[in-house]
1. Output the number of the condition that C:D409 fails; it satisfies all remaining conditions of (1) modelled with pLDDT of 95 or more; (2) in a helix (DSSP H, G or I); (3) open to solvent by less than 30 Å² (accessible area, probe 1.4 Å).
2. Taking the condition of being within 7 Å of another protein chain (Cβ to nearest Cβ) and buried (at least 22 other Cβ atoms within 10 Å of the Cβ), how many residues in the range B:338-355 meet it?
3. Sort out which residues of the range C:5-26 are assigned to a loop (DSSP other than H, G, I, E, B) and either at the interface with chain A (Cβ under 9 Å from one of its Cβ atoms) or open to solvent by 10 Å² or more (accessible area, probe 1.4 Å) (or both), and write them in order of number.
4. Which ones in the range A:75-96 are open to solvent by 30 Å² or more (accessible area, probe 1.4 Å), touching a Pro at 6+ places or on another chain (Cβ under 6 Å) and either within 13 Å of chain C (Cβ to nearest Cβ) or of a type in the set (S, T, Y) (or both)?
5. Please pick out the residue among C:V237, C:V323, C:V282, C:V241 that is open to solvent by 10 Å² or more (accessible area, probe 1.4 Å) and assigned to a helix (DSSP H, G or I).
6. Would you check if there is a residue in the range B:271-280 being more than 14 Å from chain A (Cβ to nearest Cβ) and either in a helix (DSSP H, G or I) or buried (at least 21 other Cβ atoms within 10 Å of the Cβ) (or both)?
7. For the list (1) open to solvent by 10 Å² or more (accessible area, probe 1.4 Å); (2) on the phi > 0 side of the Ramachandran plot; (3) not hydrophobic (A, V, I, L, M, F, W, C), I need the number of the one condition that B:K286 fails.
Amino acid sequence: MTLTAELRDILGHDRVLSEPLERWVYGIDSGVVRGDAELVAFPETTAEVASIVGLARHYRTPIVARGAGTGLAGGAVPTQPGLVVVLTKMNSVEIDEENATAWVGPGVINLDLSKQTEPLGYHFAPDPSSQSACTIGGNIANNSGGPHCLAEGSTVSHVLALEMVTADGDVVMLGGPAPDPVGLDLRGVVVGSEGTLGIITKALVRLTPNPPDVRTLLTAFASVEDAAATVSGIIARGVVPAALEMMDQRMTQAVERFVSAGFPTDAAAVLLAEVTGLSAAVEAEAAIVEEVAGQNNATTIRVAADEAERARLWLGRKSAFGAVAQAAPDYYLHDTVVPRTKLVETMTRVYEIADRYGIMMLNVFHAGDGNLHPLMAFDSEEEGMLDRVKEAARELVEICVDVGGSLSGEHGIGIEKRDLMKLVFNEADLDAQARVRESFDPDEMFNPDKILPAGSRCFDLGRPPLEGMWV
Amino acid sequence: MTSVRSALDGLPGQVDPIDGAPDADATVAPSSFEEIEAVLDAASEHHLRTLIWGGGSHQGYGGRLDPVVVLSTANLNRFVDFQPEDLTVTVEAGVLVEDLEAHLEQHGLTAALPETPGTATVGGVVAAGISGWRRARYGPTRERLLEVTLITGDGRKVRGGGRVVKNVTGFDLPRLATGSFGSLGLIGQVCLKLWPLPPAKATVMASDGDAALATAFRPQAVVEMGGSARVFLGGTPEEVEGQASAIGGEVVDGWNWPGELAGEVQWSLRVPPSKVRTAINEVNAKYEYQAALGVGEILIGGPDGDVQALRTWAESVGGALVLVAGPAELYERIDPWGTPPPALSLQKRIVQRFDPVRILNPGRLPGGL
Amino acid sequence: MAWVTPEAPTRSELSACIQCGLCLPQCPTFRLTGMESASPRGRLMVMSAVAGGQAELNDVFDDLMSFCLQCRACEVVCPSMVPFGRAMEGARIEIAAQLPSPLRRLRRLITGRWIGSVRVMRSVTRIARMVQRNVPARWLPRQIKTSIGGLRPLPKKPLSTIGSTFAPVEPAGAGVAAVLAGCVMDPWFAEVHEATVQVLRRSGYRVVVPDGQTCCGALAAHDGDVLGTRRLARQNVKAFVSADLIVTDAAGCGAHLKEYGNWAGDAGVILASKVKDVTEIVAEAIADGRLPHLEVPRGKVAIQDPCHLRHAQRIVEEPRQIVAAAGYEPVEIDEDGMCCGAAGMYSVLQPAASDELGRKKADQVRASGSTLVASANPGCEIQLRGHLGGAYRVAHPVELYWEALQAADADTVGWSSAGEGNR
């Protein structure tokens, strides 16, 4: 027997892809690194996933779990020839209105869940720009964020329990529907582990009540500094808006070409602020946003007049990455986070780098979180360009780390940022992370080569355990 | 190899025994991570069971321990880094929750840690995974732990997370550390995400807790005790006023948090939010309780006897009945945690890799880990 | 050997895709299968692999491309504005060039040649009528079961409007509207043509159906038949050369005519610039008062958006405005405007996927609570009727407007709907 034949025994012929062209499309996600998907399987049940894991273990084949493949760090790329397990067919939704939660399959599309719960007055709070396409399984793997995570927290804050298939092929339940499940918070560490600890087959997620009132304000500035000062100013006034998003001029122009949302294309920076809640609070907070923007020389302050205008503004914001394709054929994107107070300093230095390397740089980011998305647009056919981009990217990350920042706020480390981990963590830190990984998956069967640079597990276990100390 | 006695004598930061702590051969209160590394290294070498002691507030959780060494965090009490504009603060483990919140309040901020902390330390609250009532609004404490520095059982200082409010850079050690009861390592330092304190605060004394919960829009907390409820509101003055009148009932300025629960024996009953009413009906007549409506935690004073039926029910709905405080003999009769979590072998493998000799609070976690 | 024809997907078309994946949920076949290779992004990736020589153009490539409905829903949400429809047509031309087969030759004969002949279409209509009246549905092969079941009752003597002229209803002055008769619209959907002609007249247009015109060629283009598509396009360019406004009442035809630039050079570009869907014209006439808003309430109508109206031509509001002006309450059935699965010859070539999409669409209609559906494309109409069954009526929005207008006329003394047409 072969792995292919055994998989087909379980899943049937059509749910196992082995043709080169069909596999080709699973060699890459929304990032830039391509790998080799040897086989692609589409389970529909937890039991099938467990069987697949058992088979893969038997054949010593690495497994990469995949949702919609919208990740930007190569997290779903098979770095070694192996099996890609696609979870898009596991997309059941069971809503528990009483507890404002839902059991969802990993293949449920983020926005689909919010659409389903909308009539009940709830939504799923994490709203990455790819939310119309990305799956909740992928959100969990990357601890995805989105504009509205400023006030609501990233995905991890919205996951109560996970059903997971372990490296041994066992099905375990992590967390639960009640607060503070006893024992170590394995659910918390599996969220954001980018598919390296197990395959999630079901998740209990929290639903967030839709706000009774929403106000979206578009403000524009003649300088990035003014916009950034507005961000800090709003927070300093004790207001944590539902979202605070910034776009620089180049980005605004690219976006405006795709969707005429009415972003002022002559402004150096556009700041999108959304306040939600009870009308009284929304009113007061919107007034503060307007006031602070005014104090910081805003050239435009506009409140979205209706739901349609609001939707257009957000569509513009969420189409930003795609819109860049009009600027140049290729792009490379980072996802660093810096302390909010370091925004201006960081941005200035980021632009300097771009100028120095002669690369077009666009910025669109979650300003409220200090989560930057500096984006370099270029043509990879241009002589030496790719090397320049890589150099510039490294410098950029170093700058962000230098001001106390971090490599990724919501996209994950995947393969693309893996070797940069050493900029943030020392040997002992990485070793500790490797120990976590080893506890779940000692043979690195799940998504090998991701997150941790090679050689991270660099220390011995120390002393051998004493007999009898362990129960 | 030195003898155990001389190893004990050589531990840095020796202090007198701590009031309330179990008897031990040595009590230390190191004042630096290096000293802690030295203590844990020696403890690992000589297999010295070590009890970590913060403020002593949450020592009632989990299995009892007969320690050789008591390791106090009392001298790890520095404010390391406070960035009000970034809404982050970094403190050492031994800083008192009360001191931290008082300091933050001067800047109009809060870490939303337990509101009536007593002697609890920040490290203790994190290690025990304790949250304040305001988790109803801001989520549990673990959601605000941005960065953690651990000194692992085998004496290595490791850092996880980062001092930024949003981060997916590697495996989430801060989450894993929260509620770990020191089993992975001593929590030496943490960075917490902060929230602005609302400009107006009020407490509404409501007669019907469920109705109040349904009426209030994302209140700070709704706590029911003895048949009536307190709704904690925060926001702009107009918002608070509007909400208070919609809920109805006597309005008190500020937040009037529940006091300490009476009774030598205390339990934390954890159920899905929809089961809180059933839970209250179970305990209402017999015991004093404080129930976090919309959250699902009910603190109960008593019972000291047979809890099996209540525990079986709680576990059947996906929750737990956890012993929080009680006389030593109760811990011998009843497992303080109840049924261990389903992924116990995974839990064990993780603990094994951070504390290979198992010297840190052994037996404290569910399943006797 | 990568590509062999000049129509192949170009590098700039393919590299415009940055693989963001926003197209995935909009793609009906991705929704059906959950498979990347059945998504726009996956298909572009596969095309790129062939273009770059990393993969062969083989039968698998053919299967993957043929599974696409060419509904172009992906284009609407694509922030990189990838011309997916064009790239897919290019890919199919490559398949036709590199993988010749007897079946493909037969299809080329049908969609590239016979379809353009009024005489052949008459014969086809007569045969189809016989089948429609005499053969129980259960005896029909799966490929045509829904289509036959979904047809309007076919006429005994199929007529053609080609060559007719209709004078405007006064006050005239809107100009001349040259109507595309179409291949199946003419013999099978005479009521829609009638409504189109009459409503255009009432809007003040002189209506002509120019001689010498033929099938638009959309089906041939979707099948990768370059020569057939060009031949049909050239013939239409000639037939419509003197027209200032070209009107079609079939969304699929309109979408294709608007892209004649790809098939008939500069003359094609010129023709394309004059093309309007009838719903655009009628909605405009309603908006500027040449056609009345009718007050009599007529109940609900479910709006089905043909892909080639909504996605390809980006016409969304007009059908709704028209039925609303007729007195109906338009009911939305699907906010994404997902394809019904008809997709030209798709229902014949991919019956399983087509049926599943058809069933879903029918369920959406049923859920709307309306037994009347407005659809501005013949293929969608057949698919909907086939899947909904006899209890539901499917009609063109302009047809609904014309009926309402006639009813209003009957109530108004002094009005006559009789024109001075010379058909």
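The values are calculated or read from the model by the stated rules, or taken from the named source; none is laboratory data. Because the structure is predicted, anything quoted here is derived from the model rather than measured. Here the Cβ positions follow ideal geometry from the backbone for every residue, glycine too, while neighbour counts run over all protein chains shown. Ligands, DNA and RNA are excluded from the accessible area calculation, which covers all protein heavy atoms including side chains. Shrake-Rupley method; radii C 1.70, N 1.55, O 1.52, S 1.80 Å.
1. (1)
2. So the answer is 7.
3. Here is the first cut: in the range C:5-26, the residues assigned to a loop (DSSP other than H, G, I, E, B) are C:5-10, C:16-23.
Listed by number, the residues that qualify are C:T5, C:P6, C:E7, C:T10, C:A16, C:C17, C:I18, C:Q19, C:C20, C:G21, C:L22, C:C23.
4. none
5. Numbers: C:V323 fails: open to solvent by 10 Å² or more (accessible area, probe 1.4 Å); C:V282 fails: open to solvent by 10 Å² or more (accessible area, probe 1.4 Å); C:V241 fails: assigned to a helix (DSSP H, G or I).
Just a single option satisfies the conditions, and that option is C:V237.
6. Pass one, the range B:271-280, residues more than 14 Å from chain A (Cβ to nearest Cβ): B:280.
Checking which are either in a helix (DSSP H, G or I) or buried (at least 21 other Cβ atoms within 10 Å of the Cβ) (or both) leaves us with B:280.
Scanning the range B:271-280 turns up at least one residue that is more than 14 Å from chain A (Cβ to nearest Cβ) and either in a helix (DSSP H, G or I) or buried (at least 21 other Cβ atoms within 10 Å of the Cβ) (or both).
7. So B:K286 meets the others, but not (2).
Rundown of residues vs (1) among the charged types (D, E, K, R); (2) more than 26 Å from A:V108 (Cα to Cα); (3) more than 22 Å from the chain's Cα centre (by Cα); (4) crowded, with 23+ Cβ neighbours inside 10 Å, yes/no style:
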| residue | (1), (2), (3), (4) |
| --- | --- |
| C:R41 | yes, no, yes, yes |
| C:G52 | no, yes, yes, no |
| C:A55 | no, yes, yes, no |
| C:D62 | yes, yes, yes, no |
| C:C71 | no, no, no, yes |
| C:E75 | yes, no, no, no |
| C:E94 | yes, yes, yes, yes |
